[in-house]
């Protein structure tokens, strides 16, 4: 397989991709993401995901690029990363007792092939008290996570249930779909 590059500086995506045991390089995509509300959520996720992949492919044309982007949607609200503990508490309070759909974009780009898909995953929040929310935010500081929680950590305790085909999509990099896309590339290299 060609050199594999993860177009992301996210430590969460890096940790997820390391699970596959494939060598890769992590590169900052240097792409200005469109803001929530600038276009419909699914279109926005696709725009940001393909933008990241394209910007890195332009700098590394002989590589295979993996990119991802994520938004959380609850009714008419589009939730990005809160950026502060106060905003994280406010986001979680607004999500208490509600269903949230996480839209995670995945792109695999090379000079020959460009694939992109949005993988949804739903989370059903329990009714959360102010104390629970404040304690959680203080403990895990999820200010850099869409929806203000880390499902791979204590955030899982905030849910009644989850629903979706790929739980890694919730963390930010859908490994099931990515593995399916990478398999033919790995077989080409082995042949």
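Does residue 93 fit the bill of being crowded, with 18+ Cβ neighbours inside 10 Å, in contact with a helix residue (DSSP H, G or I) (Cβ under 9 Å, 6 or more places away or on another chain) and at pLDDT 95 or above?
Taking the combined requirement at face value, the residue does not satisfy it.
Restricting to region 1-12, give me the number of residues that are surrounded by 15 or more Cβ atoms within 10 Å (Cβ to Cβ) and either in a helix (DSSP H, G or I) or at pLDDT 95 or above (or both).
6
Tell me, please, whether a residue that is closer than 20 Å to residue 102 by Cα, touching a strand residue (DSSP E or B) at 6+ places or on another chain (Cβ under 9 Å), modelled with pLDDT of 95 or more and outside any helix (DSSP H, G or I) can be found in region 174-182.
Within region 174-182, one or more residues are closer than 20 Å to residue 102 by Cα, touching a strand residue (DSSP E or B) at 6+ places or on another chain (Cβ under 9 Å), modelled with pLDDT of 95 or more and outside any helix (DSSP H, G or I).
Report, by residue number, each residue of region 34-50 that is out of contact with any strand residue (DSSP E or B) (no Cβ under 6 Å at 6 or more places or on another chain), closer than 19 Å to residue 169 by Cα and surrounded by 15 or more Cβ atoms within 10 Å (Cβ to Cβ).
44, 47
Limited to region 13-32, what total is found for residues that are surrounded by fewer than 18 Cβ atoms within 10 Å (Cβ to Cβ) and not in a loop (DSSP other than H, G, I, E, B)?
Result for region 13-32: 5.
Would you be able to tell me the number of residues in region 145-156 that are out of contact with any helix residue (DSSP H, G or I) (no Cβ under 8 Å at 6 or more places or on another chain) and not in a loop (DSSP other than H, G, I, E, B)?
Adding up the residues that qualify gives 1.
For region 91-102: of the residues being more than 20 Å from residue 143 (Cβ to Cβ) and in a strand (DSSP E or B), which is farthest from the chain's Cα centre (by Cα)?
Filtering first and then ranking leaves 99.
Within region 69-85, is there a residue that is surrounded by fewer than 22 Cβ atoms within 10 Å (Cβ to Cβ) and part of a helix (DSSP H, G or I)?
Yes, there is a match, as at least one residue in region 69-85 is surrounded by fewer than 22 Cβ atoms within 10 Å (Cβ to Cβ) and part of a helix (DSSP H, G or I).
In region 108-144, what residues are free of Cβ contacts under 8 Å to residues at least 60 places away in the same chain, assigned to a strand (DSSP E or B) and closer than 30 Å to residue 58 by Cα?
Hits for region 108-144 are 109, 119, 120.
The values are calculated or read from the model by the stated rules, or taken from the named source; none is laboratory data. In this text, all values refer to a predicted model and were calculated from it rather than measured experimentally. Heads up, the Cβs are rebuilt from the backbone with ideal geometry, glycines too, and the neighbour counts pull from every protein chain shown.
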